Each structure stands twice: as structure tokens, then as C-alpha cells.
Amino acid sequence: MSREKSVKVKEVITSLCKLLSALSVESIPTAEAFRRAKFNRKDAAVDMWSLLSRLLQRAFALDCACRDSKDQDFDVQLLFVRSALCHFGYGAPWVVGSRPPSHIEEVGSRDLLLAFGWVLSSGNLLDFLLAEKIAQGLTPGQLDVVAHGPGADTTVKKDQVLQALQWQYGKLRLQWKSLLSAQEERSKFTHRVISNISPSAVCQPHATGSHHSNMTSAALDKELERIQALNGILEAYLDWKLHEPLFWCWMDSVIDSSLTDASEEEPVDWPPGERAVTVRCPHGDETRRAVRQLDKMLLRLQTELRARRIEQSTLTLTSQGGRQGASRLSESQRMEVEKKVSGYLEGLRLTNTSAITSRGFLPCIQDPQPTKPPHRFHTGEPGLAVTAGKLQASTALNELREREAVLQWQLERLRQNMRVEMQRQASTMEGMVLIPPLKR
Amino acid sequence: MSTDMSVVSLQLGQCGNQIGHELFSVISDDSSGPNRKYKQCSDERFFYETSTGGLVARSVLVDMEPKVISQAIAKASKSGRWRYGDKAHFSQKQGSGNNWANGFCVHGPHHEEAVEDLVRMEMERCDRLAGIFTMMSVAGGTGSGVGTYITQRLRDLYPNSFILNQVTWPYGAGEVIVQNYNSVLTLSHLYQLSDAILVHENDTVHKICSRLMNIKHISISDVNKVIAHQLASVLQPAYTADSTCHYSTNPIGELLSSLVCHPEYKLLSLCNIPQMSSTSLAYSVFNWPGLLKHLRQMLIASARMEEGIDWTVSAPSAVTSGGEGATNSRHKSFNLSLANLLILRGKDVSTAVTDGFKDPALYVPWLKTENSFSTWTSPVAFNGYEKSATLVSNSQSLLKPLDSIVRKAWNMFASRAYVHQYTKFGISEEDFLDSFTALEQIISSYTHV
């Protein structure tokens, strides 16, 4: 079973690597390297590091002029990766901590793997890279629009260049049409000549009448290659999508193993800073733990459900009638269970949604600086006034109010539970009568 | 080896059929001179030979009324030099009532197969197709409505063929009340379908007839003759930049790639000089410098005829200091061009100096002069004029008339006058709004060119 599972995992990771290489991300480690990274092996760390930095460079390629990492020294690379991950909202100690690692080797491969998983899951990076690749593929001669300095005359100039380009493009199209009609004429004549030479050798022309045997020009071959390449990329993407859920299950196991190690580490201290008040939500780790527990519960429920379905489908009426009756819940019981589960899940969701205040922020009263244009793949971002850690007071107030409401709701629920518990206990005890307090 | 390309003409509606007939007449007259190669090329382009040796026009005649078509066919046969094909026409008993929606939504779809068959027959008869040339007016119902629908069908059927639409804009104070609605709807649709729209304005041609040709009682036939003369001067054989030793075999393609490469700028205007009555012609002598100077001024002052040119309009000279000088010296009615095509026909055409048209100040700054200006020549005297110069121009000169049409149509639409006539045939108010938007876009493109 475990070997099957590990083979499956390898398949999954291989499909991810294939997709990444199809999207032209460089220096992709092997599936084996991924597995070793889970166990914090030193050699895997180097692979994971280069993968992570390349991926982040691609992600931010349009937003900043990233120099090739080969030229940069490792400190600069480390700084870039940390700031990029921070921007993604990744709050691991080695990224946002006050005592950052001074050297790349201090960061374990498992941490890098977790960071990679975070980058993959936040926003829709893969979709964005795919869209980029397809756009490139569809217009092979497209020029990159590199932003020059600001100013009205550059926009006017760009417009004019664009107009001139459109003119030339139109001219080319018209010339192409002329050439096409010339070719049609030539084929008509060729057909006529051939039919005069040997009437028997002539086959009926197609309805369109413009196909020759020597239509396969170099341009068509190139076109074919391009389309085949695009096909390959799309197939890799679809393959990855099929295997994606298994990948996240595996990542779960990585997180689990990192947590068991992390519990042995000392807790991180947060000294108050001079200039900024950095608040880190103390529920951070617990949040993650609860989320993982939730995931596990979901997985368990799903597998149980699947197993039950299989049971039901394979049970025949005659042989296992008795077992059937016993294993099925009555309708009302099932409803109750569902209600309880959904209520519990809702509670967990509300208490553990990572709020803005749980990330690092700098509160400020005045307007924040104008935001950078949103990253293209963060399409689902709420349009809040958060800029590189600055948070407007009003936004923070709203957030805190929401949190207060959630906590109130939780408190109410706990009270309710207590009441029910007390009543139950009172009813079991002989000679005890419970008088609830007067309702105000 | 390449043969001459042939043009398939489509005459739509009353105006289109009348102009078409005049056009073939002029072409046939013009090429019946001594120059054999010219005649051969022209005949191949516009006619085909029957087994009996007669010339038949490569043309399809379409109208919803039979009267004009039968007149055109009769007149052509009477000339003895050429005629229309026996089956190359399509007509119905009842017209379109000057209603674009009636033409576009009812008559067009109803008769599309018949018309397409006729066009296909003509196209298959051509060894090589230069393009489809349609003639229509935008004010009526058949030419505009049915014409637009047929153009749409042809565009779908022959996506790689060139389509050149000649359209006639109505008199400003025209008779048809809804002519501006029809114009707006036609132009907005044609702009997407056509490769280029060659515009004639009735007002302009009328002025040419009255002032230059001294015609006392101007008839439709006189107006059409002038239009036909101008069109023929463009379509008849000429030497181009691409083919300098034999007549160009791809006239429409070369016309389009000189002038309308940008998809937003497709309006072409025509200017032809000299234009005068045949009696005055006998006593006039022309020289190329004089003709070209007039033509150039007509271009930059947006004048359409030789009389009444505003000579105060001048192009900004490059000599003036800095940008401020340029804006000062640019007259506010200076006509900026995207591209110009100059066609010179007649004696000593090789001596003509066209440098005045190569001035970069005449053109938009983002297009180099070698892309903006081209010249065609022909040593053959055209249609009785010893020397003749035609300027086909893609410029701002049509802005004012277009704007006027749109404004008038909009004023009517604001009170929804007569709109129910259109909605009952299937053209909704939304379609109107789309058309207005499209034309506003075109106007804006040309204004801020």
C-alpha cells in the first residue's frame, strides 16, 4: 500500500515537473529531490533553492527588472526570495522573522519545499504562466512591451509607433492576399496544362480549388511545430490538474513532519521594534494546526463516504440485508450529524481565517502610498488598502470589529454547549433539579 | 507569368446601376484609342469576349425595381461596343421604399442566393480576380440596405478577395427624409466589411457640373458622367511602382496597399482635374506643373474642384523655429493626409515633377513618406483630356461631410423620428446606437490622426 502510494506520489510530482518545464521554468529538480527535500536533506536544499528563486523571478518578471540570479551573489538572492515570499504572505520564521538566516544553507530543504507549496497555491501562478506561454505561442513575433519612463510624450510616441506598425501589418496582409490570388491563378493554369497533356491523369479538383501538392512550405511546417508545442504545454497542464489533489495530500505530510520537528525548537521571541509595531497573531501556529486537523477530518470523512458508497453499491439485497440495516443511519440522525458537522466546520473556518491583522502590519492613520498595480495572477485579491504592510486605521478597525463579532458568536456557542451539558448532567443525577438563571 | 486581373463589378440600386453603366461607357470609349496594349489590358479587366467577338461587361446588376436595370441594359446594347450579360441581372417588382431596414433585413436575405449565384458566375469566369468593385448610394433603400447585405455575404464567401466599395453620398438638402439614417447604417456596417470606401458626394459633383462644366440644367446623367470619369481614371490601366514596364496586373491590390493599410482609416476621396466641358477643352492647354500645383492646394485646403480654392491654406513649413512656429503656421483648416495616390495620364507624363506631394508636412508624422505617397502613370491620354491628374486621398477631407451626416441623423434619432419604420423590419434602436458609436469612432480617429 505504501509503495503504491509512493509510486503515485512520484507520478504526481513528475507531472508537476513536466508542467513547469513546459512553462519554461528553469532548473527543475527531479521527483526524487522533492522526496529528499521532505526529509531535510542537504543536497535537496540546493535544488529546491534554485527552483524557488527561478519560480519567484518568473512570477515577478513583469514587475521588477530581475537580474539573472547567476550574476547575483547569494545574499542578494536570499533577500529577493525572502521579500518575494513575504509579499506572497508567507509567514514562516525564516522569511519574516527578526533573526533572518544570514546564509542560504541555514534554510532547510523542507522549509523551502513548504515555501514552494505556498507559492504554488497562492494566487494562480501556474495559470498565469500558462496564459503567458500561450500568448507567446499564438503570436510568435510579438514584441515585449517594456515600460519606459513616465511622461505624456512617450505614450504619444508609443501610439504613433503602434499606428505605424498597424499600417505595415495591414500592408503585409494586403500583399499576402495578392500573393494568394496569384497562387490560385497559377494552380488553375497548372491544372489546365496537366489536363491538356494527359486528361486521364487529372483528378477532380477540390471544391475550393486552391490546393497543390506542394503546399507544405516552410512557413506551414513552422506553424505546425508551434501548434504542437502549445499542445504539449496544455497536455502537461491538464495532467497536473488531474494529479494536483494528491500533491496537496503529500504536502500535508511534509507539513506534519515539519511540525513534529518544530515542536522541539524554541519559540520565537518578538522584541518590540523602535519604529514599527509588528504584531504577529499568537494563533498563527495553532491556526495552521487547526487547518490541518480540518483537512485530515475532511479527508477521513471523504474516504469514509467513499467506502460507504462502495459498500452500498456492492451489497446485494439478499445476502447482506441485515448488515445493511444496521450500518445505515436513519434519515433524521443523518441530518443531525450533518448539521453538527457543518456547524463545527463553520466555527473552525471563522476562527481560523487568517485575518489581515494576523499578518505583520504597520498601522498608520494617513493614506497609504499608492498601491503598485496588482499582480496579474492575484485576481481574487480583495481591494483593500494594504500596501507592503501598511494598514489604514479604518480598515484595521473594521477587521477588529469583525473579529469581535466572530468571538462573540463563539462565546455564545460555548455558553450554549455548557448549558446543554449542565442540563444533561443534572438530568442524570437523582434528586437534583436544575434551576436555570432568570433570563434578562 | 501573370495575366491581367479582372474586376467584377456589382451595381446596386438605382444610383449604382446608373453609375455603373456610365462607367463602362467611359471605359469602353477611353480604350478605343490607338494604343492596343492599353485596350487589351482594359478589355481583359472589365469585359470578357463572347464567341461572337462581342464584349460583355463583367458586371452584375441588382435592383428591387426593374426600370433602371432595363434602361441600363438597353443603353449598353445600343452602343454597339459592349453590352451586359444576358442573365447577369436580378430585379424584383417592388422597391425598398428608401428603407435601409427593408433592404438589409428583408430583401437582402430573401434574394441572397440568386445574387450570390450571379456573382459567382462572374468570378469563375475570371482567370484571376483583381477584386470586387461595388457601386451604391447610401441614401436609398436598395443600394444601401441590400448593397450592405450583399457585401456582407460576399465578404463571408470570399474572405481573401479585395472588396472596394464606391459609395455616393446624397445631397445635403436631399429629397429622402431618412437619407441620413440610411447613410449612417450603411457606412457603419460597410466599414467593417469593406477594404476601402471610395466616396463621391452629390453636392461636390453637382458643383463641378455647374461651375466647371457650365451645364445649365444638370441632370442625373451629367452627375453620373463626372463620377464615372473620375472612377475610370483610377481603374484604367496604369504603370505603378510595382510594374513599371507593363500595365499593373493588380490594380485594386496596389491601390489598397498604398492607401488603406490601417484598419481604422478606410475612407478615400477622389479629386480629378482638369474637369471641363468639351467645348472649353478644345481651347485649353495644360501643363503638368500647373495641374499639380492646383491639385496639391486642393488637397491641403480640402477643395474638391478647381474653382474657389483657398490659397491661403498652407502646410506648416519645416523651416519655422520649434514647435510653436509649426502650430502657428498651420492653418486651422489644413487637411492632414495619411496617404495619397497620384495618377497621371497623358502626354509627357514622365516630365511631371511630383515632389510637392512628398512634403512630410502634408502627412501624419508616424508614416514615412515612402509609405504615404505613390504615383501611377500612363502615357495614354484619358477620355479626351490631353493631360489628366487624379488624386486618391486618405485624409481628413471627408470629416466635415461625414460629421454633418451623423449630426443630422442624430438630431432625428434624438426624437426617434421615423425609427419605427426601421424597427418594424428588424433594426432595433440598439443597432442605431451601435452605428452611431462606430461612426463617432471613425470621426474621432480621423480627427486625432
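For this structure, a couple of remarks:
- Summed over region B:361-379, the residues that are more than 11 Å from B:LEU344 (Cβ to Cβ) and assigned to a loop (DSSP other than H, G, I, E, B) give a count of 5.
- Long-range neighbours under 7 Å by Cβ, at least six apart or interchain, first residue among the charged types (D, E, K, R) within region B:11-33, second outside any helix (DSSP H, G or I): B:ASP29/B:ASN383; B:ASP30/B:GLN236; B:ASP30/B:PHE382; B:ASP30/B:ASN383
- Considering residues of region B:397-449 that are assigned to a helix (DSSP H, G or I) and of a type in the set (Lys, Arg) only, the residue surrounded by the most Cβ atoms within 10 Å (Cβ to Cβ): B:LYS408
- Pick from region A:158-194, criterion among the charged types (D, E, K, R) and either buried (at least 16 other Cβ atoms within 10 Å of the Cβ) or at the interface with another protein chain (Cβ under 9 Å from one of its Cβ atoms) (or both), ranking: farthest from B:GLU264 (Cα to Cα): A:LYS188
- Filter result for the condition that a residue is in contact with a helix residue (DSSP H, G or I) (Cβ under 9 Å, 6 or more places away or on another chain), over 24 Å from B:ASP4 (Cα atoms) and assigned to a loop (DSSP other than H, G, I, E, B), over B:GLY103, B:GLY140, B:GLY108, B:GLY147: B:GLY140
- Conditions (1) out of contact with any Phe, Trp or Tyr (no Cβ under 6 Å at 6 or more places or on another chain); (2) within 14 Å of chain A (Cβ to nearest Cβ); number of the one not met by B:SER25: (2)
- The residues of region A:289-315 that are surrounded by 10 or more Cβ atoms within 10 Å (Cβ to Cβ) and of a type in the set (Ser, Thr, Tyr) amount to a single one, A:THR303.
- Considering region B:127-162, the residues that are within 11 Å of another protein chain (Cβ to nearest Cβ) and in contact (Cβ under 8 Å) with a residue 12 or more places away in the chain include one that is farthest from B:TYR181 (Cα to Cα), namely B:ASP127.
- Between B:GLU124, B:GLU112, the distinction of being over 30 Å from A:TRP167 (Cα atoms), surrounded by fewer than 18 Cβ atoms within 10 Å (Cβ to Cβ) and without any contact (Cβ under 8 Å) to a residue 12 or more places away in the chain belongs to B:GLU124 only.
- Summed over region B:318-351, residues that are farther than 28 Å from B:GLU264 by Cα, among the charged types (D, E, K, R) and at pLDDT below 90 total 1.
- Within region A:395-435, tally of residues that are β-branched (Val, Ile, Thr) and either in contact (Cβ under 8 Å) with a residue 40 or more places away in the chain or touching a Leu at 6+ places or on another chain (Cβ under 9 Å) (or both): 2
- Helices (runs of 4 or more DSSP H) enclosed by region B:180-285 - at least 2 residues per element that are within 14 Å of chain A (Cβ to nearest Cβ): B:251-259
The values are calculated or read from the model by the stated rules, or taken from the named source; none is laboratory data. All values derive from a computational prediction rather than experimental measurement. Quick reminder, even Gly has a Cβ in these numbers, built from the backbone with ideal geometry, and neighbours come from all protein chains shown.
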